[in-house]
């Protein structure tokens with residue numbers, strides 16, 4: 001069994017919206033109370049109260065009605081979040097990450113989670129309607145029923161928790177369900193003995209080299225264009241609104257708050273677009289692996305490059321790449337499909353000759369084709385790297401480049417060849433400018449030239465056009 005979460009928007013009235021924000025503010029008050037309690041104990045040289053049981057005792061001592069409409073279940077979810085953040089910080093500081101800080105920052109709005117048995121999720125009636133959810137509130141308050149703007153993608157019996165949150169300028173509900181691992185017909189299930197290597201990149205988010213000489217290239221040029229266009233739009237927006245910014249020490253005007261709200265909406269839309277493209281890319285890889293009965297994915301982990309400082313522009317590209325999220329999304333979808341994922345070191349896989357008889361370092365090519373100047377072996381650079389990564393699967397062949405496919409003995413020893421049959425896929429078709437016209441709709445179309453016929457005379461069209 002695996003857990004999956006779907007983010008669903010809410011269709012709220014004004015009073016429902018105010019009550020939802022009241023719950024989130026009360027959750028922030030619970031977080032602030034936990035911070036204040038430990039700050040007081042720290043000043044008096046007392047041990048902090050950080051375990052979930054101790055925090056629940058403090059909550060019970062506060063009495064009912066302390067946090068407005070927020071009930072005990074919602075308050076305990078905040079305390080659970082605080083306790084987990086504290087112990088996670090302790091663990092990371094013991095591992096040598098001294099820059100990690102303890103949770104001592106207040107938050108005005110905090111997500112509230114309700115577990116199975118504390119909420120009610122009702123499907124629409126047969127004659128029509130929408131999904132509704134009832135969130136628990138404090139004793140004596142009116143029931144809080146909320147409408148969802150789309151159907152829940154999981155059966156109601158599999159839902160285990162719901163989380164009320166405020167993300168990207170809008171209220172939403174995160175629905176978490178427990179889903180069984182996919183089942184297959186006899187003879188169609190993924191075989192753990194069939195290994196495929198995965199190379200991560202910016203232009204190609206996933207390059208896969210599988211058995212039987214099959215390969216997959218997932219193009220992410222539309223995602224890269226979305227990042228570039230969003231950066232250009234952000235710079236233009238900041239230049240245009242710089243004169244309306246509030247002075248230091250003064251509260252912003254209504255116009256400035258509207259501009260900031262619009263900027264947050266645009267940022268959230270950009271993040272959702274990129275996130276959707278990442279899910280499409282990972283889904284394409286897992287679908288291809290299931291089709292070729294690949295049961296093991298060996299992924300090259302390039303996160304070591306994040307520690308190298310190479311200038312502002314390159315650092316921005318690495319941050320927009322989102323390596324950790326790409327790995328996490330692939331692992332989640334692989335677990336649901338019953339595929340095992342191994343993370344290995346990918347250093348040197350894109351600059352090593354794939355032939356066993358050569359195995360020399362190759363200068364970085366200018367394009368996407370890697371050609372060895374010593375043995376004339378050539379292939380797609382990302383696919384060669386993926387094939388080399390496949391040989392580094394733990395418990396299988398030793399770390400070595402992919403053998404020459406003309407030698408069947410060596411090919412059988414490693415089991416992965418440089419792909420000869422490559423499948424090309426593209427993600428981000430929902431992004432602006434990814435259509436056949438290749439034009440971003442955020443740009444204004446060029447003005448259409450006015451054609452003047454010879455019948456209108458020499459003075460026709462010499463002045464501003466008249467309204468119809």
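Every read-out reported here was derived from the displayed coordinates using simple, explicitly stated rules and does not represent laboratory data. Bear in mind that the values here come from a model prediction, so they are computed numbers and not experimental data. Ideal geometry is used to build each Cβ from the backbone, glycine not excepted, and the neighbour counts take in all protein chains shown.
Values computed for the structure shown
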| item | result |
| --- | --- |
| Where Rh is the Kirkwood radius over Cα pairs, Rg/Rh for the stretch 2-179 | 1.01 |
| Where labels lie 7 Å past Cα in the beta-carbon direction, separation of residue 105 and residue 316 in nm | 2.3 nm |
| Per-residue Cβ neighbour rank within 10 angstrom, fewest leading, 375, 353 | 375, 353 |
| Nitroxide proxy distance, nm - points 7 Å out along Cα→Cβ at residue 68 and residue 46 | 2.8 nm |
| MRE, 222 nm, helices only [DSSP H, n ≥ 4, -39500 (n - 2.57), over the chain, to nearest 500] | -12000 deg cm²/dmol |
| Ranked 54, 346, 127, criterion: other C-beta atoms within 10 Å, fewest first | 127, 54, 346 |
| Pairwise centroid distance, computed over Cα atoms, of the stretch 1-78 with the stretch 233-282, Å | 29 Å |
| Among 65-71, 75-81, the order from most to least packed when residues are scored by Cβ within 10 Å on average | 75-81, 65-71 |
| Extension gain (nm, one decimal) between residue 376 and residue 425, 0.36 nm per residue minus Cα-Cα | 14.8 nm |
| Percent of Cα-Cα distances greater than 21 Å, calculated over the stretch 77-158 | 53 percent |
| Residues residue 307 and residue 368, FRET efficiency given R0 of 22 Å [Cβ-Cβ distance, rounded to 0.05] | 0.25 |
